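A quick write-up on the structure given underneath.
Throughout, read-outs are computed from the coordinates displayed, never taken from laboratory work. Worth saying up front: this structure is predicted, and the values here are computed from it rather than measured. Glycine gets a Cβ as well: all are built from the backbone with ideal geometry, and neighbour counts include every protein chain shown.
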Amino acid sequence: MIWNTRSPSFQLKIRIDLDGKQIDAHVLLDSGAKGIYCNTSFIEKHSIPTHAIDRPIYPFNVDGTINKNGVMRHAAILQMGMRVDQDYWETIEAAITNIGQSEILLGTDWLQAHNPSIDWGAKTIKFDCCPPHCHPSAVEAQDCCDCNPAL
């Protein structure tokens, strides 16, 4: 599934670093989508290099039908930065397809991996519960909030 209009979502301003060139973009955080995607038009406009993916992705619509854009066979590696509660940079691999008005879509895979605090009403995000792989050092990881006291 790519997009679900009944699930919370909102856009954030981000920056893509392409070999030192800074590209302003918008990312859609979407709790009703699974996966990480980049819009075909964004890739073409900025001449972003792509590569074939090992396993094609068959995107399904909310109603269970296969998306009209067909199978995704290519992806791009993007250096993505966002300014939220701190400057945050990471490398993502995004499957390439037409995702409408959005340039990049971060779905539940990304949300679960980072576990940020999100205020869907205020449209704010805070990286206060990221797992250790999000931090450059173990000290920073220890400073992370205790998101699951049962652990």
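With charges only on Cβ, +1 for K and R and -1 for D and E, what is the dipole size of region 9-142 about its Cα centre, in debye, rounded to 20? That gives region 9-142 a dipole magnitude of about 340 debye.
Taking every C-alpha pair closer than 8 Å and separated by at least 6 residues, the mean separation divided by the residue count of region 9-142 gives a relative contact order of 28 percent. Using a Debye calculation, one point per C-alpha and no hydration shell, please list log10 I(q)/I(0) for region 7-120 at q = 0.11, 0.16, 0.18, 0.19 Å⁻¹ in order. Normalising to I(0) and taking log10 leaves -0.34, -0.74, -0.94, -1.05. Quick check: pseudo-label points 7 Å beyond the Cα along Cα→Cβ at GLU44 and THR91, how many nm apart are they? About 2.8 nm, to one decimal.
When the Cα positions of PHE42, GLY121, ALA25 are compared along the charge dipole of region 9-142, PHE42 comes out farthest toward the positive end, with charges on each C-beta of Lys, Arg, Asp and Glu.
Using only C-alpha positions, report the orientation-averaged shadow area of the convex hull of region 9-65, nm², one decimal.
Numbers: hull surface 20.9 nm².
Result: 5.2 nm².
Pairs with C-alpha atoms separated by more than 24 Å, drawn from the list LYS13/LYS34; LYS13/LYS45; LYS21/LYS126; LYS45/LYS126; LYS21/LYS68; LYS68/LYS123, are LYS21/LYS126; LYS45/LYS126; LYS21/LYS68; LYS68/LYS123.
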